[in-house]
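Here is the structure we will look at.
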Amino acid sequence: MTATVTSEATEPGGAGEASGLRFPDGFVWGAATASYQIEGATTEDGRGPSIWDTFSRTPGKVYAGHTGDVACDHYHRYREDVAMMADLGLAAYRFSVAWPRIRPDGTGPVNTRGLDFYDRLTDELLGKGIEPLVTLYHWDLPQTLQDRGGWANRETALAFAEYAQVMYAKLGDRVQTWTTLNEPWCSAYLGYASGRHAPGITDPVATFRAVHHLLLAHGLAVEALRGAGARTLGITLNPSEVQPLDPSNAADREAARIVDGLNNRIFLDPLVKGAYPEDMRTLMSRFTDLGFIQDGDEKQISQPIDVLGVNFYSPAYVSAKPGAPAAPDAPGTEGIEWRPPVGPVTDMNWQIEPAALTRLLERLQADYGVPLLITENGAAYSDGVHDSRRIEYLDGHLKACLDAISHGVDLRGYFVWSLMDNYEWAEGYAKRFGIVQVDYTTQERMPKDSARWYSDVIRRNGLE
């Protein structure tokens, strides 16, 4: 195995400690993708429909009506893609499994042809010396489960744990690191509050039920996988680095506390500390009875994890503004305003502030103490293969990681988002995050300047 996220944390001052612009010995370098964004083949080999198949076909939901029907055709081109990863020197590859490929209706018979694809992909990676990191859920819920209530229905959490066991039985002899969920904040708030993502629902009651059942699904799956012998288990969040616009203003500080609760503590506290924050219970109670949080659920959610995946792109600055309506994807934030991005932004109009990543990592270390892995970080730019702005973005954020490590943060690795241009959810194919360019007409892959730059970073285990 070329790399592992389970290596012991380096003691300060030890031989592996980050020095200058070098990362600790054993630091894991990788790239990340997600099933619906790259695989295509949405109706092949027994795959059932997902909520994103349905959502992308709903008029007005996705840019230009784009779907993931073909995406990057990775389902057929995975060998070519793995060879490209090896050429770049990646030590690890984070990919997600499409639940509807494995159990087309979410709970019924296992589709062996779907399992076989991930079996082949895993062997191909290992054959090239690349460690596979599996994410079990990256937003493509089987449509049949959504028809029964989706994540607002407790039964979906139980079905997820069963699906996790199916995947471990197939790949557990070769896959060392398992991530249950990717960004449950997006699944819950974008899927059920603002409706900007699949399944496109706008219901705060369903939102908070989804938050809980996603977390419960994680806890049930961790317990099942641990019992089956899984070595390294975790979850990937997209925690916000939330700041009051005016730190000296008590109202702005209170606004930041509320947003931090909705974006961060409502997930992290039950995961690590075994209970929802009281202020978030109060906020949820404004919208719904909390009877869906059953006795024992919080203990189940807080199954010990070995690593916390962190997806980071941009900070948030908030202020108090009496009379402001709640943000569509943040129920309970009446009277709070988000400051528009300032300074340089990416094509997603996301503010670029690497120092915010350092602050976030230090906060996670101080408050939760779980080993960390950057599971996504990157930028959308339409610069083609000569993407100097992406290089600048990545360089700045890797230096932010080094700053955090130098301050004692136990950061084990970094996965760039994304390996290649892909289907960017509601943005369709309009935004390009890849370090490899994809021609969606010919499916030709062409490494960008950032890919070669990243390859040099990996080779040096550091920056110039």
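The values are calculated or read from the model by the stated rules, or taken from the named source; none is laboratory data. This one's a predicted model, so the numbers in the text were calculated from it and none came from an experiment. Cβ: placed from backbone, ideal geometry, glycine included. Neighbour counts: every protein chain shown.
Results, tabulated for the structure shown:
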quantity: Test: residue in the stretch 450-462 that is in a strand (DSSP E or B), within 17 Å of the chain's Cα centre (by Cα) and over 29 Å from Ala71 (Cβ atoms); calculated: no
quantity: Helices (runs of 4 or more DSSP H) wholly inside the stretch 1-102 containing at least 2 residues that are among the hydroxyl-bearing types (Ser, Thr, Tyr) and modelled with pLDDT of 95 or more; calculated: 35-38, 51-56, 74-88
quantity: Residues within the stretch 299-334 that are among the basic types (Lys, Arg) and either without any contact (Cβ under 8 Å) to a residue 24 or more places away in the chain or touching a Pro at 6+ places or on another chain (Cβ under 8 Å) (or both), tallied; calculated: 1
quantity: Output for the stretch 152-196, where each listed residue is among the aromatic types (Phe, Trp, Tyr) and either closer than 21 Å to Phe415 by Cα or modelled with pLDDT under 95 (or both); calculated: Trp178, Trp185
quantity: Scan of the stretch 364-391 for residues that are under 24 Å from Leu411 (Cβ atoms), part of a helix (DSSP H, G or I) and either among the polar types (S, T, N, Q) or in contact (Cβ under 8 Å) with a residue 24 or more places away in the chain (or both), ordered by number; calculated: Leu364, Gln365, Asp367, Tyr368, Arg390, Ile391
quantity: Members of the stretch 291-326 found to be outside any loop (DSSP other than H, G, I, E, B), of a type outside the set (Lys, Arg) and exposed (fewer than 15 other Cβ atoms within 10 Å of the Cβ), listed by number; calculated: Gly291
quantity: Contacts under 6 angstrom Cβ, first residue in the stretch 40-51 being over 10 Å from Asn111 (Cα atoms), partner of a type in the set (Phe, Trp, Tyr) and crowded, with 18+ Cβ neighbours inside 10 Å, 6 or more apart; calculated: Gly40/Tyr75; Ala41/Tyr75
quantity: Residue identified as at pLDDT 95 or above and touching a Pro at 6+ places or on another chain (Cβ under 7 Å) among Gly428, Gly413, Gly396; calculated: Gly396
quantity: Where Ala426 falls short, out of the listed (1) touching a residue at least 60 places away in the same chain (Cβ under 8 Å); (2) more than 26 Å from Pro132 (Cβ to Cβ); (3) under 20 Å from the mean Cα position of the chain (by Cα); (4) buried (at least 22 other Cβ atoms within 10 Å of the Cβ); calculated: (4)
quantity: So Pro270, is it within 18 Å of Leu215 (Cα to Cα), of a type outside the set (A, V, I, L, M) and surrounded by 20 or more Cβ atoms within 10 Å (Cβ to Cβ); calculated: yes
quantity: Gly434, sole failed condition from (1) surrounded by fewer than 22 Cβ atoms within 10 Å (Cβ to Cβ); (2) without any contact (Cβ under 8 Å) to a residue 40 or more places away in the chain; (3) not basic (Lys, Arg); (4) not in a helix (DSSP H, G or I); calculated: (1)
quantity: Residue identified as of a type in the set (S, T, N, Q), in a strand (DSSP E or B) and under 23 Å from the mean Cα position of the chain (by Cα) among Thr122, Thr135; calculated: Thr135
quantity: Flag for Asn264 being closer than 23 Å to Ala327 by Cα, surrounded by fewer than 23 Cβ atoms within 10 Å (Cβ to Cβ) and within 18 Å of the chain's Cα centre (by Cα); calculated: no
quantity: Set Arg94, Arg103: member being crowded, with 18+ Cβ neighbours inside 10 Å, of a type outside the set (Ser, Thr, Tyr), in contact with a Phe, Trp or Tyr (Cβ under 7 Å, 6 or more places away or on another chain) and within 30 Å of Arg460 (Cβ to Cβ); calculated: Arg94
quantity: Evaluation of Lys128 against (1) surrounded by 19 or more Cβ atoms within 10 Å (Cβ to Cβ); (2) farther than 27 Å from Ala426 by Cα (one fails), failing number; calculated: (1)
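Yes/no per residue for (1) buried (at least 24 other Cβ atoms within 10 Å of the Cβ); (2) under 17 Å from Met284 (Cβ atoms); (3) touching a Ser or Thr at 6+ places or on another chain (Cβ under 6 Å):
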position	(1), (2), (3)
Gly172	no, no, no
Thr177	yes, no, yes
Cys186	no, no, no
Gly195	no, no, yes
Ala198	yes, no, no
His212	yes, yes, no
Ala217	yes, no, no
Glu223	no, no, no
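Yes/no matrix, rows are residues, columns are (1) in contact with a strand residue (DSSP E or B) (Cβ under 6 Å, 6 or more places away or on another chain); (2) over 30 Å from Arg459 (Cβ atoms); (3) surrounded by fewer than 24 Cβ atoms within 10 Å (Cβ to Cβ):
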position: Thr33; (1), (2), (3): yes, no, no
position: Gln37; (1), (2), (3): no, no, no
position: Gly48; (1), (2), (3): yes, yes, yes
position: Ser56; (1), (2), (3): no, yes, yes
position: Val62; (1), (2), (3): no, yes, no
position: Cys72; (1), (2), (3): yes, no, no
position: Tyr75; (1), (2), (3): no, yes, yes
